[in-house]
1. What's the carbon and sulfur percent of the stretch A:2-164's accessible surface, probe 1.4 angstrom, rounded to a whole number?
2. By the scheme Lys and Arg +1, Asp and Glu -1, what is the net charge of all other residues having a beta-carbon under 9 Å from that of residue A:138?
3. Give the average, rounded to an integer, of partner chain Cβ atoms located within 10 angstrom of each Cβ in A:122-128.
4. Using protein heavy atoms only (no ligands, DNA or RNA), what is the total accessible area buried between A and B, 1.4 Å probe, nearest 100 Å²?
5. Taking a probe of 1.4 Å, how large is the accessible area per residue of chain B, in Å²?
6. Can you give the accessible area per residue of the stretch A:6-133, in Å², using a 1.4 Å probe?
7. Would you rank A:133, B:41 by solvent-accessible area, highest first, keeping every protein chain in place and using a 1.4 Å probe?
8. Whenever you get a sec, compute what percent of the accessible area on the stretch B:1-58 sits on carbon and sulfur atoms (1.4 Å probe).
Amino acid sequence: MALEIVIPDSGPLMSLGRIDRLDLLDRFNCPILITDMVADEILRGKPGAPDASVFEAWFAKRGNRIQTIETSIGMMWKAIPEDIRATLKRVRDAGETSIWQFSNTIRDTMAADDEALVLFEDAAVKKMDFGPHIRKLSTWSFLIALERAGVIPSAQTLRNDMMAANRTIPSDPFDQPSPKMAGRDEDWIAGYDARPDMDDPTP
Amino acid sequence: MGRSEKGSSIRPIHGMVTVRQILDGFLAGSVTDHEAMDALHMETYADLINALADIGEAPPLPPKAEVEAEVEAALPLIRKRLQEVADGA
C-alpha cells in the first residue's frame, strides 16, 4: 500500500490555513487534489477576511503539486452566470459531494496497492462511501497521526493555536463598541451620542 | 428530549435565540452541524468553521474511538510515505 493522493475538504484546509500550517499537507510529497467546489468554498472567503489570500498564496507557492479537479457538481455550479450564482443558495454538502463524485472516478482506476487520504471535518463525509482505497481522516485524527509519526510535537498545541487564532475582520460600524468616555462607565447610547461626528439631535 | 434531528420533537436548538447560543450548542454537541447551519442561514460547513474562528473556537473534537479507528487505518500509510520522502523516493 502506498499513499498517492491527498484530497482535503474545505474544513481541514481552513483549520490549517488559519494557523498557517498548510505545509503539513505538503509533507507527503504527493499530489494534493482539491475539487472545484472545495476550491470555490475556500477561495470565496468572507469580505475583509484574510482567508482567500492565504489559499491563493499557497496554491501559487506549491505550483502543480496542488491540482483543482473538475466534478459534475462543480461544472454545473460554474455554468451558472456569476451574477446569478451570487444570489443562489448553495447545495448542502456540495464540497463533500464533489469529493465523493471524484472518488467515484478514481476508485476503479487506482492500482491495487495505491491509497488516498480524504481529510474532512463535516460529519456528512462520515456517511459517504469512497471505496476501498480511500481512507477518511478528520483534521483532529490527522494531527494525532502526525504527532505519532513524529512530524509535529503536539496535536493539542496546534488545536490550541487554532482556538487562539480568531480571524480579524473589519467590523461593521454598527458592530463596534461605543467609544469609552474618560473616567465613566457609559452605556452604548451615551457613548454613541458623545461621538464628535454626531450632530446634536436636539432642535 | 428529541428523538431525531428531522422529527417533530423538540430539539435543544429550538430554545436557542442568539448566534452564540447556537455555536456553543454545536461545540457542546447538542446541536448538529446541519441544524446550526440552517439556523444561521449558512450554506456550507466552511461558513460554520469561519463563524467558530471568528469567536476563537476550533471545531468540536470527534469521539475518541472514532479518532483511534481513523488513526489506526491511516498511520501506517502516513509513516510509509514519510519514510519514502525521507529516502528520496
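1. Carbon with sulfur: 54 percent of the solvent-accessible area.
2. My count for the surroundings of residue A:138 gives -1.
3. For peptide A:122-128, the averaged partner shielding equals 3.
4. In total, this chain pair buries about 3900 Å².
5. 53 Å²
6. Per-residue accessible area for the stretch A:6-133 comes out at 45 Å².
7. Highest to lowest solvent-accessible surface, that is B:41, A:133.
8. 54 percent
The values are calculated or read from the model by the stated rules, or taken from the named source; none is laboratory data. Bear in mind the structure is a predicted one, so any value in this text is a computation, not a measurement. Here Cβ is always computed from backbone atoms with ideal geometry, including for glycine, and neighbour counts include all displayed protein chains. Quick note on the areas: whole protein, heavy atoms, side chains included, nothing else; ligands and nucleic acids left out. Shrake-Rupley method; radii C 1.70, N 1.55, O 1.52, S 1.80 Å.
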